[in-house]
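The values are calculated or read from the model by the stated rules, or taken from the named source; none is laboratory data. Keep in mind it's a predicted model, so treat the numbers as computed, not measured. With ideal geometry, Cβ positions are generated from the backbone for all residues, glycine too; neighbour counts draw on all protein chains shown.
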Amino acid sequence: MRLFLIIAAGLALVGTAAMRVSAQSATASLTVSANVTKNCTISTAPINFGAYDPVAANAATPLDGIGTITVTCTKGAAAKVALNAGSNAQGSTRRMSTSATEFLTYEIYQDAARTTVWGDGDNNSLDVPAAPNRNPRTFTAYGRVAAAQDATVGTYTDTVIAVVNF
């Protein structure tokens, strides 16, 4: 009986090997692709000027503050960041408001020296170079409330819309 089992197992192995030898195959290429599109997101941190004192501290000295704008783009995507004139603007003059008739003028700049106004046109938007990677990049928004404004007591606010064009 033992001999019979050994012979049967041997024949089974020979049969399986014969089937493998006689099997055929064919090949084909499978193309895989993806398209990476450029994309950018934008977020902000507010400019909080704090207390404006038109009688003493800010009678002759402007009040400065800073905020940030963070842009995250696809690697290789260049962008422009624009800031509109705000909700209370009069022409191109940015103004915070405490009521429909009380305003405090201010400006937002691209540079710490506060010489380049940050606007919403091609010539005064911030040029953001091509992203070296997908990590967020943060840019400072330098704000300034002009000195010597005859401001009424109150809390002044404005809403400026930041837009990233890519």
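Structure data summary
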item	result
Qualifying position, being acidic (Asp, Glu) and surrounded by fewer than 14 Cβ atoms within 10 Å (Cβ to Cβ), among ASP111, ASP158, ASP120	ASP111
Single unsatisfied condition, ASP64 versus (1) part of a strand (DSSP E or B); (2) of a type outside the set (Phe, Trp, Tyr); (3) within 13 Å of VAL164 (Cβ to Cβ)	(3)
Inter-residue pairs, beta-carbon under 7 Å, first on the phi > 0 side of the Ramachandran plot and in the stretch 110-121, second among the aliphatic types (A, V, I, L, M), 6+ apart	none
Hits in the stretch 74-106 - residues which are hydrophobic (A, V, I, L, M, F, W, C), at pLDDT 95 or above and assigned to a loop (DSSP other than H, G, I, E, B)	ALA77, ALA78, ALA85, ALA89
Some residue of the stretch 72-81 being farther than 24 Å from THR41 by Cβ and surrounded by 12 or more Cβ atoms within 10 Å (Cβ to Cβ)	no
Meets criteria (crowded, with 19+ Cβ neighbours inside 10 Å, touching a residue at least 40 places away in the same chain (Cβ under 8 Å) and under 12 Å from TYR142 (Cβ atoms)) for LEU104	no
Some residue of the stretch 77-88 being in contact with a Lys or Arg (Cβ under 8 Å, 6 or more places away or on another chain) and farther than 30 Å from ALA147 by Cβ	yes
Of residues in the stretch 123-142 being within 14 Å of ALA78 (Cβ to Cβ) and among the small types (Gly, Ala, Ser), the one surrounded by the fewest Cβ atoms within 10 Å (Cβ to Cβ)	ALA130
Set THR27, THR41: member being farther than 30 Å from THR155 by Cα, modelled with pLDDT of 95 or more and assigned to a strand (DSSP E or B)	THR41
Qualifying residue in the stretch 125-146 (condition: of a type in the set (S, T, N, Q), farther than 30 Å from THR37 by Cβ and touching a residue at least 12 places away in the same chain (Cβ under 8 Å))	no
